[in-house]
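To start, the structure itself, in structure tokens.
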Amino acid sequence: MSAEAAERPRSGAGTPNDQALPRPWGFWSTLLWGLLAFLLGAFLVFGAVFLINGGSLDSLPETQEAPWKDPWLPLQLILINLIQIAVVALAARLSGWPIGTYFALVRPRRRDLLFGFAALLLVLGALEILTHLVGRSSVTPFQTDAYEAARAAGLVPLMWIAFVVAAPVGEEIVFRGFLFRGWAASRLGAPGTVLATSLIFAASHLQYDWFGLMQTFCIGALFAWLRWRSGSTVVTIVLHMLVNFVATTWAVVKVEGLL
């Protein structure tokens, strides 16, 4: 059985030539490529910010303790995601796979999209109920601070691009595309990959507190499971965009006092 077929037992529609494809990167090589993508993206972007600000710790902006208040954060997020995508795309190409096939960027079936949308509504509804039961706000300080900083700098359109397009596409390609491909074909298997990628996905969102990390893990686990079930990362990209669009919209509504 090919790696493509092994990772999605609930649906067919594998690529016509997947039997001829080599094995994807193994567990450790996938992990190292992923680390390289994260570290290189952070090093290049934050290194550039450091140099622009004078090249000394004293010259860093006052927002260093709360970096999401930096008005240029959206641009930084866009650049980081582009670098990460470039790194894992190189890794996919070096593996001998077509890049789109490696990332499972295949056209999803309509029923997979509809199923994913319904599942997302259930998970988000359950998390929203839990949020109110524990007395939390649906909008985090990260969301409101980022929007206020972007608004003050006149960069709101860039913020929407970063949060609703760049971040979902970049994160899904890295987590549910690249990492999932390599780890699902390893001894970790698809179920273990769903858990592992969801844990790392949550841990990468350090702008949230423990409750926000728990919510991020649940959403990441849903996306990973849908990736496995459908065999298409396009499904999770679309749903991730929808989640971030709703979250960003609520931040705008709260800051602007529209409700």
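Being modelled with pLDDT of 95 or more and surrounded by fewer than 24 Cβ atoms within 10 Å (Cβ to Cβ): is that true of Leu195 here?
Against the criterion (modelled with pLDDT of 95 or more and surrounded by fewer than 24 Cβ atoms within 10 Å (Cβ to Cβ)), Leu195 qualifies.
Please go through region 234-257 and pick out each residue that is of a type in the set (Ser, Thr, Tyr), in contact with a helix residue (DSSP H, G or I) (Cβ under 7 Å, 6 or more places away or on another chain) and over 17 Å from Leu114 (Cβ atoms).
Thr248
Filter region 83-97 down to residues that are part of a helix (DSSP H, G or I) and surrounded by 15 or more Cβ atoms within 10 Å (Cβ to Cβ), then give me how many there are.
Total meeting the criteria: 8.
Scan region 202-209 and give yes if some residue there is hydrophobic (A, V, I, L, M, F, W, C), without any contact (Cβ under 8 Å) to a residue 40 or more places away in the chain, over 14 Å from Leu120 (Cα atoms) and surrounded by 18 or more Cβ atoms within 10 Å (Cβ to Cβ), otherwise no.
yes
Suppose we filter Val165, Val123 for residues that are surrounded by fewer than 21 Cβ atoms within 10 Å (Cβ to Cβ) and touching a Cys at 6+ places or on another chain (Cβ under 7 Å); which single one remains?
Every option except Val123 fails the conditions.
Can you name the number of the only condition in (1) free of Cβ contacts under 8 Å to residues at least 60 places away in the same chain; (2) of a type outside the set (Val, Ile, Thr); (3) buried (at least 21 other Cβ atoms within 10 Å of the Cβ) that Ala185 fails?
(1)
Taking interchain pairs and intrachain pairs at least six residues apart, which have beta carbon atoms under 6 angstrom, with the first residue in region 85-99 and at positive phi and the second at pLDDT below 95?
The qualifying pairs are Gly96/Pro22.
Which one of the conditions (1) modelled with pLDDT of 95 or more; (2) surrounded by 15 or more Cβ atoms within 10 Å (Cβ to Cβ); (3) basic (Lys, Arg) does Arg8 fail to meet, given that it meets all the rest?
Among (1) modelled with pLDDT of 95 or more; (2) surrounded by 15 or more Cβ atoms within 10 Å (Cβ to Cβ); (3) basic (Lys, Arg), the lone unmet condition for Arg8 is (1).
Which of the numbered conditions does Phe50 fail, given that it passes all the others? Conditions: (1) modelled with pLDDT of 85 or more; (2) part of a helix (DSSP H, G or I); (3) not small (Gly, Ala, Ser).
(1)
When region 98-149 is examined, which residues are found to be modelled with pLDDT of 95 or more, assigned to a helix (DSSP H, G or I) and aromatic (Phe, Trp, Tyr)?
Answer for region 98-149, where residues must be modelled with pLDDT of 95 or more, assigned to a helix (DSSP H, G or I) and aromatic (Phe, Trp, Tyr): Tyr102, Phe115, Phe117.
Give the residue that is farthest from the chain's Cα centre (by Cα), with candidates limited to residues of region 227-238 that are buried (at least 24 other Cβ atoms within 10 Å of the Cβ) and in a helix (DSSP H, G or I).
Checking each candidate, the answer is Ser230.
The values are calculated or read from the model by the stated rules, or taken from the named source; none is laboratory data. This one's a predicted model, so the numbers in the text were calculated from it and none came from an experiment. Here Cβ is always computed from backbone atoms with ideal geometry, including for glycine, and neighbour counts include all displayed protein chains.
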